[in-house]
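Asks: One structure is given below, represented as structure tokens, and several questions about it will come after.
The values are calculated or read from the model by the stated rules, or taken from the named source; none is laboratory data. As the structure is a computational prediction, the values presented were derived from the model and not from experiment. Glycine also receives a Cβ, built like all others from the backbone with ideal geometry; neighbour counts cover every protein chain displayed.
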Amino acid sequence: MDDARMMDWLIALHAGLPRLGPGRDTATRRALADCVGLPATPDILDVGCGGGASSLVLAEATAGHITAVDRVPLFLRELRTRAQSRGLDGRIRPLVADMHAMPLRSAAFDLIWSEGAIYIIGFDAGLTHWRSLLRPRGWLVVSELSWLTDHPPAAFLDSWREGYPGMRNVADNLAAASSLGWEPVGHFPLPADAWTIDYYGPLHARLPSFRADHADDPEAQAVADMTEREIALMADAAGICGYVFYILRRAG
Ligand SMILES: C[S@@+](CC[C@H](N)C(=O)[O-])C[C@H]1O[C@@H](n2cnc3c(N)ncnc32)[C@H](O)[C@@H]1O
């Protein structure tokens, strides 16, 4: 199966889920609270927003305007519906775009947010290429899969060496951020069950109907198998690897 087909199946599997990656509203709010001194009505960019798990929280927690970027129109339609039902659609602008080349003015944002998505461009590349979109001293908040131990068990090393070879530990990500012109303001790990329960719970519950709907399609079954293997592996990941919030500020 080529990457594009795999992506289509993953989109189908995730359609309608409350969040498309590990996270939790309280963690989003905690990271936002670290951005001390944000303007009263900040301009916020949410990169890889999916169905809006964080955009909606940011719109509720601030009086700002959110530009919500994703390259999958289906997810942005879900975001629009959710924003309308909460009366937030006037302050959230969904934008279909590729995070590698977003059609946005430079210095247009006070805060760039990206939960579970910067790995797509790469941590260092995101910190480098998104920087010009921020106003001087603006904030960048990302959650990034990170090693939480210096001695991961072989099963995790083997799996993530293939799945995310660029994964680093927290100290190395903070050092990389500093060397790329960012001031680390704070960081904290997501609770392990923000992955295993908040994200995987609804995803796991979806698998039987997904398998049944695509019973004759070996590609769909392979994507379901892969997802089940990942869920089984990550059940024991606490203290080994997990998502970490990095709250960074443009140094200049
Ligand atoms: C793991 S999901 C996280 C979504 C959301 N932030 C959340 O926490 O629910 C990654 C998101 O990035 C989007 N994405 C993947 N490649 C992208 C690209 N090149 N440009 C923009 N968005 C992309 C996917 O469609 C998906 O919505």
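Asks: Within the stretch 56-96, restricting attention to residues that are under 18 Å from Phe109 (Cβ atoms) and of a type in the set (D, E, K, R), which residue is surrounded by the fewest Cβ atoms within 10 Å (Cβ to Cβ)?
Replies: Among residues in the stretch 56-96 that are under 18 Å from Phe109 (Cβ atoms) and of a type in the set (D, E, K, R), the one surrounded by the fewest Cβ atoms within 10 Å (Cβ to Cβ) is Arg93.
Asks: Restricting attention to strands (runs of 3 or more DSSP E) lying wholly within the stretch 19-133, give those where 2 or more residues are under 15 Å from the mean Cα position of the chain (by Cα).
Replies: Where strands (runs of 3 or more DSSP E) fall fully within the stretch 19-133 and carry at least 2 residues being under 15 Å from the mean Cα position of the chain (by Cα), they are 43-47, 65-70, 109-115.
Asks: Let me ask another. Looking only at the stretch 75-103, how many residues end up being farther than 17 Å from Val47 by Cβ and either within 9 Å of the ligand (Cβ to nearest atom) or touching a Cys at 6+ places or on another chain (Cβ under 7 Å) (or both)?
Replies: Matching residues across the stretch 75-103 total 0.
Asks: Need pairs with beta-carbon distance below 9 Å; first residue among the hydroxyl-bearing types (Ser, Thr, Tyr) and within the stretch 23-50, second in a helix (DSSP H, G or I); sequence gap 6+ or separate chains.
Replies: Thr26/Ala194; Thr28/Ala53; Thr28/Ser54; Thr28/Val57; Thr28/Leu58; Thr28/Ala61
Asks: Something else now. All but one of (1) closer than 23 Å to Arg135 by Cα; (2) within 10 Å of the ligand (Cβ to nearest atom) hold for Gly50, so report the exception by its number.
Replies: (1)
Asks: Let me ask you something else. Quick check on my filter: what residues within the stretch 32-44 are out of contact with any Asp or Glu (no Cβ under 9 Å at 6 or more places or on another chain) and either at positive phi or crowded, with 19+ Cβ neighbours inside 10 Å (or both)?
Replies: Leu32, Gly37
Asks: Select, from Leu145, Leu157, Leu190, the only residue that is closer than 15 Å to Leu233 by Cβ and in contact with a Gly (Cβ under 8 Å, 6 or more places away or on another chain).
Replies: Every option except Leu145 fails the conditions.
Asks: I need the helices (runs of 4 or more DSSP H) fully contained in the stretch 152-215, keeping only those with at least 1 residues that are more than 16 Å from the ligand (Cβ to nearest atom) and at pLDDT 95 or above.
Replies: 170-179, 200-213
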